[in-house]
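Just below is one structure, and these are the notes that go with it.
The values are calculated or read from the model by the stated rules, or taken from the named source; none is laboratory data. In this text the structure is predicted, and so the values were computed from the model without any measurement. For neighbour counting, all protein chains shown are included, and Cβ atoms are generated from backbone atoms with ideal geometry for every residue, glycine included.
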Amino acid sequence: MAVTVLFIGGTGKISSACVRLAVESGFEVAVLNRGHTATRPLPAGVESLTGDMRDPDSVRAAVGGRRFDVVADFIGFTPEHVSAAIDVFRGRAGQYVYISSASAYQKPIAHLPITESTPLANPFWQYSRDKIACEALLNAAYRDSEFPVTLVRPSSTYDRTSLPWLGGWTTIDRMRRGKPVVVHGDGTSLWVLTHHTDFAAAFVPLLGNPRAIGDTFHITSDEVQTWDQIFRTLGEAAGVEPKLVHIASERIAAAVPEWGPGLLGDATHSVIFDNAKVRRLAPGWVATVPFTRGAREILAWHDADPSRRPIDADADAACDALVEAYGAH
């Protein structure tokens, strides 16, 4: 009998690839959300349920008396969200898979590579602190009442719609107009970008796997790049040689406060991940999509439709001001 999986979310950049691969792998898949988007339509054979996890009664009405072998929650961001999910799915899920974040690992990072036992602490980013609090709540539920949780930590996972930096498409537009592009720090810090299909290939083997219950896994590519390499790879895909200007992360954060938390709490710090643990439950798994290919997918998708290429005038002006103030220093 097929394993039944309920995806909470299911149409996001990470979850959409997981839904598709779960269907292809023979799982019986349902998706619960407020209505899927045209950007990432659900594959054939997926049951669509309408409900909002911020309104638990709507979820109870949508699932009725059903029980699922697996519930995979991609949209729990605060302890309040997770507490509601525990209440709704206690006794309804053989396994509850929670999508946390690798940004929860300690910043600054004390040692590399990062493993699942690396401490969790992020004084810079509330998003990460909330994920840490969610994990603590779920681990307590597992210890105290055997709530069957599995924790999964992605790190900077992308699909063709994504641009892996602050400013989005505006940065590509600046490249193509020959304007300087701001890179944080000196451009040599290390970063890992994971294609969503590679994430899914390691994630799906965790579903319905009793060895994953009560445990934690991160899933990332093993391809490590400097930020300069990432910008140049995207520039090549865009058909230009970008003019990179290096500016201290702290100066960027001071000039554009909304960029600060994600920059100081994540992207500024070099990361290398040890994926040995997830490979024990996904034997033979390896990330196969290099960012050179991913960058071409990103540019092709954006170039196919002008509506996908919005220019953020504020971000553009902020980059001009940063270059003017610090670019020659």
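Data overview
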item	result
Condition met for Ala253 (free of Cβ contacts under 8 Å to residues at least 60 places away in the same chain, crowded, with 18+ Cβ neighbours inside 10 Å and of a type in the set (A, V, I, L, M))	yes
Residues (surrounded by fewer than 20 Cβ atoms within 10 Å (Cβ to Cβ) and out of contact with any strand residue (DSSP E or B) (no Cβ under 6 Å at 6 or more places or on another chain)) located in the stretch 234-244	Glu236, Gly239, Val240, Glu241, Lys243
Among (1) exposed (fewer than 14 other Cβ atoms within 10 Å of the Cβ); (2) over 17 Å from Thr4 (Cβ atoms); (3) at pLDDT below 95, the one test that Asp87 misses	(3)
Flag if Ile247 is touching a Phe, Trp or Tyr at 6+ places or on another chain (Cβ under 7 Å) and either among the acidic types (Asp, Glu) or touching a residue at least 60 places away in the same chain (Cβ under 8 Å) (or both)	yes
Residues located in the stretch 49-66, provided they are loosely packed, with under 12 Cβ neighbours inside 10 Å and closer than 15 Å to Ile86 by Cα	Asp57
Per-region count, the stretch 293-328, residues part of a helix (DSSP H, G or I) and either crowded, with 16+ Cβ neighbours inside 10 Å or among the β-branched types (Val, Ile, Thr) (or both)	14
Extreme residue, farthest from the chain's Cα centre (by Cα), among residues of the stretch 40-92 that are in contact (Cβ under 8 Å) with a residue 60 or more places away in the chain and assigned to a strand (DSSP E or B)	Phe68
Meets criteria (among the acidic types (Asp, Glu), out of contact with any Leu (no Cβ under 7 Å at 6 or more places or on another chain), over 23 Å from Arg176 (Cβ atoms) and surrounded by fewer than 17 Cβ atoms within 10 Å (Cβ to Cβ)) for Glu258	yes
Any pair with Cβ under 8 angstrom, 6 or more apart, that starts in the stretch 295-322 at a residue that is within 20 Å of His195 (Cα to Cα) and ends at one that is of a type in the set (Val, Ile, Thr) and part of a helix (DSSP H, G or I)	Ala295/Thr233; Leu299/Ile172; His302/Ile172
The stretch 106-140 - residue that is basic (Lys, Arg) and in contact with a Ser or Thr (Cβ under 9 Å, 6 or more places away or on another chain) and, of those, surrounded by the fewest Cβ atoms within 10 Å (Cβ to Cβ)	Lys107
Unmet criterion (only one of (1) buried (at least 21 other Cβ atoms within 10 Å of the Cβ); (2) under 18 Å from the mean Cα position of the chain (by Cα)) for Thr171	(2)
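Listed here are the residues, each with its yes/no results for (1) part of a helix (DSSP H, G or I); (2) of a type outside the set (Gly, Ala, Ser).
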{"position": "Ser103", "(1), (2)": "yes, no"}
{"position": "Ile132", "(1), (2)": "yes, yes"}
{"position": "Leu151", "(1), (2)": "no, yes"}
{"position": "Ile172", "(1), (2)": "yes, yes"}
